[in-house]
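Below: the structure, in structure tokens.
No value in this document is a laboratory result; all are computed from the given coordinates. As the structure is a computational prediction, the values presented were derived from the model and not from experiment. Cβ placement follows ideal geometry from the backbone for every residue including glycine, while neighbour counts extend to all protein chains displayed.
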Amino acid sequence: MKLPLAFIGLLLCAGPASAKLTVTTVPVGKLAVVTEVDDISDTPIMHAPLVTKKIRLEWRSADRRVRFFLNDDGQDLFTTFDLSKPDLSDTVCGRLTGGTLLTYQSNAASTERWMQFGTGLHADLIEICRGSLNTSQLESYVSEFAIARSDFAPALEVMKASAKEQFGGWGRRCLNYKFSKKFQRPLCTRYSAKEE
């Protein structure tokens, strides 16, 4: 198979891939809202988006071993967590993707919602991280997580403002996907309410 000379020339003079990652962190009490914008528009990659944007609300335990995230990529809103080794050198366990698809509207009763996240984190630490924590460590992390509940509402407002800036709004997120052999990516079959 012969490649067109113009294509070969593009490959030879494209040079090394370059990217610009901008990370902005806004502390809100014991929480932080982190916005990442990864711009690879100078990189000749045809099968990848040129700009990738992510927002996450982040909680870290005082010893930094446990991290909880509320993630927004403009399409989905979902939670993840991880547990690191005591020396923070590596991740022991966690849920890095998946979970229940959420909406910003479902987080309106923020103190109650934060406590529900805490119950879920407790269950995940027991189920997914079996044997990695003793009972007193587990209870300590859950108690520490609960203390941050008063910071959730203001942090969520910062996250919504960032979503409006990065994605044009926060009201529409996918709630259900359909997987099909016809399409390479899953299709969203149900969205949350659109913004007014």
*Applying the selection to the range 147-159, what residues are buried (at least 16 other Cβ atoms within 10 Å of the Cβ) and either under 13 Å from ASP72 (Cβ atoms) or not basic (Lys, Arg) (or both)?*
ALA148, ASP151, PHE152, ALA153, ALA155, LEU156, VAL158, MET159
*Evaluation of SER162 against (1) free of Cβ contacts under 8 Å to residues at least 24 places away in the same chain; (2) crowded, with 16+ Cβ neighbours inside 10 Å; (3) part of a helix (DSSP H, G or I) (one fails), failing number*: (1)
*Taking the condition acidic (Asp, Glu), more than 27 Å from VAL51 (Cβ to Cβ), assigned to a helix (DSSP H, G or I) and touching a Ser or Thr at 6+ places or on another chain (Cβ under 8 Å), does GLU112 pass?*
no
